[in-house]
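Heads up: the structure comes next, in structure tokens.
The values are calculated or read from the model by the stated rules, or taken from the named source; none is laboratory data. Note that the coordinates shown come from a computational prediction; the quantities given were computed from them, not determined experimentally. Quick reminder, even Gly has a Cβ in these numbers, built from the backbone with ideal geometry, and neighbours come from all protein chains shown. Surface areas here come from the heavy atoms of the whole protein model, side chains and all, with no ligands, DNA or RNA. Shrake-Rupley method; radii C 1.70, N 1.55, O 1.52, S 1.80 Å.
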Protein chains: 2
Amino acid sequence: MQRVAIFGVGLIGGSFALALRRAGFAGEIVGVSSPRTIEAAIAAGVIERGTDAVTAAKECDLIYLSQPVLGILQAIEQYGSLFREDAIVTDAGSTKEQIAGAARTHVTRALFIGGHPMAGKERSGVQEAEAGLFEGRKYILTPLTKDAISSAQFRSFSKWIEGIGAHPVILDPAEHDRLVAYSSHLPQLLSTALASVLGEVEGVAGVTGPAALDMTRLAASPFSVWYDIFLTNRGNIEAALTKLASKFQELQLLVDSEALENEFERAREAARRLRAKELG
Amino acid sequence: MQRVAIFGVGLIGGSFALALRRAGFAGEIVGVSSPRTIEAAIAAGVIERGTDAVTAAKECDLIYLSQPVLGILQAIEQYGSLFREDAIVTDAGSTKEQIAGAARTHVTRALFIGGHPMAGKERSGVQEAEAGLFEGRKYILTPLTKDAISSAQFRSFSKWIEGIGAHPVILDPAEHDRLVAYSSHLPQLLSTALASVLGEVEGVAGVTGPAALDMTRLAASPFSVWYDIFLTNRGNIEAALTKLASKFQELQLLVDSEALENEFERAREAARRLRAKELG
């Protein structure tokens, strides 16, 4: 691996560049972004230089697409056939099935490996980038075929993912989207719903404690990112919302009954299991 | 103030003792708890000694009731008439209206000032106590009458609350309960509902990121504490649940429309305001 191109040098793309460098990558890292972002990214020591998308697509052996989902889809459609035969093309989009579909059609020569790092921060932008952002986090990889997993290229990329401190998890793109509707998109919508309700209750800011702050943190995420997610994972999100709504109705009926204790115990156990998996 | 009694020496009561000491309180701090807790609290340097409830009620000039809500109600009923005329009795219960009602009836001589520190931790118990737990946090005070606010005793207690690093906020007990149903009990139920749903989705632990972990943290709280809260704030909690459920239905209908952006923006703004108030 000689030259890496980051398309969309924001928090994730910038952190990937820094992490790669820290993991020992000695080649060149170039960026494809707006002139202002390129300037900031060079100043922050995240990339060496900016370039245009066509040149990057033709010259680099690792292409890291880290725009919002619709931007990734567009890049795959526009430059898919330009990526070199020996190149690896990956992305960091939050949904994977539509991206996999586009890659199957348009990435004609390079190996495409979908990706989704389970990492993030409240604030975005390249100035927030950190070499340690992926440390200890899961990093979902969604190759287009099962066969791809045993290729030397896939193994090499997976090694780099371990090199940046993350834990690779291999999933089918459709299964990924079904699961993140629950683990990521549902929490987002819940946080937004809660913040929205709290915003309508006068005086509530006077009694805000850690619970309300924790639970409305995600509500501060920019809509632009989420809109792409909704557009590309609508069916799964609707299913997750329906499931949560019926669970919520159950809880409403249980508020004054002892059965609430069972529900609490089940939830407590589930919360514990999520944490055990996270640490394990 | 010569002698302080902590009833229920757990995370909150123990932290109050440590914080009081750090703020310069030079008198004696005694504890009323199970023998095992008293032993742990003495070992941790939180209290000087244990005593029985009747002796503590008769001898101390600050009584700090920090059991779960039903325990506080019971202590007020049993010992309310024993508290000295010059004593201040306060509590750290999560709901305030029923406690205020009990205090009006049973605390016949001492000044009763309801309290609710907006502080906590995932884990409970005196071994988790910290002198800095209240630092920078709001500390709601719910005196039984408006007149009480101007008394020298109230002012003195409020000074101690500032001394432990907290920001006193004065509220009517009923208004407190209405507001915390939104800011505290609703987040708890949401977290429990989400954890419960996640527990039913096979494979979800493989894609758990910071969002799901944040949003299920509260679900790990022990039911024992929450049960008391539900029993003593049921009407307000039901109203808050209804409001959230209808907001949620709105979001379900909006998932694929542009109106979702407005809802996101409103929520984002509300989340920001909660944080601004918190820091201000």
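Would you be able to say whether some residue in the stretch A:218-239 is more than 25 Å from A:E135 (Cβ to Cβ) and over 24 Å from the mean Cα position of the chain (by Cα)? No - not one qualifying residue is present in the stretch A:218-239. Scanning the stretch A:15-35 for residues that are open to solvent by 20 Å² or more (accessible area, probe 1.4 Å) and not in a loop (DSSP other than H, G, I, E, B) gives A:L18, A:R21, A:R22, A:E28, A:V32, A:P35.
A single entry from B:V207, B:V180 fulfils the requirement of being at the interface with another protein chain (Cβ under 7 Å from one of its Cβ atoms), modelled with pLDDT of 90 or more and touching a strand residue (DSSP E or B) at 6+ places or on another chain (Cβ under 7 Å): B:V207.
Residue-wise test of (1) farther than 15 Å from A:F7 by Cα; (2) under 16 Å from the mean Cα position of the chain (by Cα); (3) of a type outside the set (K, R).
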| position | (1), (2), (3) |
| --- | --- |
| A:E77 | no, no, yes |
| A:S81 | yes, no, yes |
| A:A110 | yes, no, yes |
| A:A119 | yes, yes, yes |
| A:G125 | no, yes, yes |
| A:E128 | yes, yes, yes |
| A:K159 | yes, no, no |
| A:A166 | yes, yes, yes |
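Within the stretch B:65-93, the residues that satisfy the criterion of being under 16 Å from B:L231 (Cβ atoms), of a type outside the set (D, E, K, R) and out of contact with any Pro (no Cβ under 8 Å at 6 or more places or on another chain) are B:Q67, B:P68, B:V69, B:L70, B:G71, B:I72, B:L73, B:Q74, B:I76. When A:I149 is tested against (1) away from chain B (no Cβ under 14 Å); (2) surrounded by 15 or more Cβ atoms within 10 Å (Cβ to Cβ); (3) touching a strand residue (DSSP E or B) at 6+ places or on another chain (Cβ under 8 Å), just one condition goes unmet, and that condition is (2). Among the residues of the stretch A:191-204, some residue qualifies, meaning at least one is surrounded by fewer than 23 Cβ atoms within 10 Å (Cβ to Cβ), within 7 Å of chain B (Cβ to nearest Cβ) and in a loop (DSSP other than H, G, I, E, B).
Quick grid of which residues meet (1) out of contact with any Asp or Glu (no Cβ under 8 Å at 6 or more places or on another chain); (2) closer than 25 Å to B:F230 by Cα; (3) within 7 Å of chain B (Cβ to nearest Cβ); (4) open to solvent by 10 Å² or more (accessible area, probe 1.4 Å):
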site	(1), (2), (3), (4)
A:E238	yes, no, yes, yes
A:A245	yes, yes, yes, yes
A:E250	no, yes, no, yes
A:L254	no, yes, no, yes
A:E258	yes, yes, no, yes
A:N262	yes, yes, no, yes
A:E265	yes, yes, yes, yes
A:R272	yes, yes, yes, yes
A:A276	yes, no, no, yes
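A count restricted to the stretch B:163-190 and to residues that are open to solvent by less than 10 Å² (accessible area, probe 1.4 Å) and of a type in the set (A, V, I, L, M) stands at 8. Residue count for the stretch B:210-228, restricted to those that are polar (S, T, N, Q) and either buried (at least 19 other Cβ atoms within 10 Å of the Cβ) or facing chain A (nearest Cβ under 7 Å) (or both): 2. Within the stretch B:111-127, if we keep just the residues that are in contact with an Asp or Glu (Cβ under 9 Å, 6 or more places away or on another chain) and modelled with pLDDT of 95 or more, the residue that is nearest to B:S184 (Cα to Cα) turns out to be B:H116. When A:T142 is tested against (1) closer than 30 Å to A:I42 by Cβ; (2) in contact (Cβ under 8 Å) with a residue 12 or more places away in the chain, exactly one condition is not met: (1).
For every residue, the table says whether it meets (1) among the acidic types (D, E); (2) more than 24 Å from B:L244 (Cβ to Cβ).
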| position | (1), (2) |
| --- | --- |
| B:G115 | no, yes |
| B:Y139 | no, yes |
| B:F154 | no, yes |
| B:E162 | yes, yes |
| B:H167 | no, yes |
| B:P187 | no, no |
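Going by the conditions given, is A:A119 small (G, A, S), open to solvent by less than 50 Å² (accessible area, probe 1.4 Å) and touching a residue at least 60 places away in the same chain (Cβ under 8 Å)? So A:A119 passes the test.
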